[in-house]
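**Student:** Can you read through this structure? Questions will come right after.
The values are calculated or read from the model by the stated rules, or taken from the named source; none is laboratory data. Since the model is a prediction, treat every value here as computed from it, not as a measurement. Glycine also receives a Cβ, built like all others from the backbone with ideal geometry; neighbour counts cover every protein chain displayed.
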Amino acid sequence: MRLGDIIHVASADTYTVKLCDENSGFAGQFVSISTSDAMIIGVVTGVSHSVKEDMVGYLSQDKKIKYQPYIEDYKNSYCTVHGLGTLSDGGDGDGAVYAIDRSPHIDDPVKPASRDEIVRFHTAGKRPCAPYLHDLKDRLQSPVILKMIDEIRDAVPESEKMLDLVRKYMKQIA
């Protein structure tokens, strides 16, 4: 399942994605972006929906059917993705690097990260880890980080005790 395509690269770790479906993507969702040498793992930090101003709602319901081809194109949904790191193709679990040295390209497809990708990204030496979480407290909103924690806990249940401490800390500083 494809979430959308990258339409803007602001920096090595910040991208704008045009969503394929306005009902897809939510803040805190892990995503994967395939590049030529590795896979970037990121998180959706925000979702926005826009409507072209000249079509804001002047058509009646019966006219909408007549102009259906144009109406399909009048609304757009976007999400902002923050890159967390890369995941190499090796399946040993130690292929996660929590930095991004190369940004993806325009039109690269963005997919929801699979459970396996989330597990591999959050496991080092067969132990759960998420070293980037502390650095994100100043960059991302607390609700996004709390949703990320829930996603990690679902994929890596053995990390529950560690994540409960992080959750308590995030709620205190929020």
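**Student:** Provide a single number: the residues in segment 143-164 that are over 15 Å from the mean Cα position of the chain (by Cα) and part of a helix (DSSP H, G or I).
**Tutor:** Residues in segment 143-164 being over 15 Å from the mean Cα position of the chain (by Cα) and part of a helix (DSSP H, G or I): 11 in total.
**Student:** Right, another one. Report, by residue number, each residue of segment 134-174 that is in contact (Cβ under 8 Å) with a residue 60 or more places away in the chain and more than 26 Å from Val47 (Cβ to Cβ).
**Tutor:** Listed by number, the list is empty, since nothing qualifies.
**Student:** Being assigned to a helix (DSSP H, G or I), touching a residue at least 40 places away in the same chain (Cβ under 8 Å) and either within 15 Å of Cys79 (Cα to Cα) or not aromatic (Phe, Trp, Tyr) (or both) is the filter here; which residues of segment 101-124 pass it?
**Tutor:** Arg115, Glu117, Ile118 - these are the residues of segment 101-124 that are assigned to a helix (DSSP H, G or I), touching a residue at least 40 places away in the same chain (Cβ under 8 Å) and either within 15 Å of Cys79 (Cα to Cα) or not aromatic (Phe, Trp, Tyr) (or both).
**Student:** Take the residues in segment 127-140 that are exposed (fewer than 14 other Cβ atoms within 10 Å of the Cβ) and not in a helix (DSSP H, G or I), then tell me which one is nearest to the chain's Cα centre (by Cα).
**Tutor:** Checking each candidate, the answer is Arg139.
**Student:** Would you check if Ile106 is under 17 Å from Val9 (Cα atoms), modelled with pLDDT under 95 and of a type in the set (A, V, I, L, M, F, W, C)?
**Tutor:** Yes, satisfied.
**Student:** Hey, another quick one. Which condition number in (1) small (Gly, Ala, Ser); (2) at pLDDT below 95; (3) in a strand (DSSP E or B) is the one that Gly83 fails?
**Tutor:** (2)
**Student:** For Gly91, state whether it is under 23 Å from Ala155 (Cβ atoms) and modelled with pLDDT under 70.
**Tutor:** When the stated conditions are applied, Gly91 passes them.
**Student:** Can you pull out the residues in segment 20-35 that are outside any loop (DSSP other than H, G, I, E, B) and at pLDDT 95 or above?
**Tutor:** Scanning segment 20-35 gives Phe30, Val31, Ser32, Ile33.
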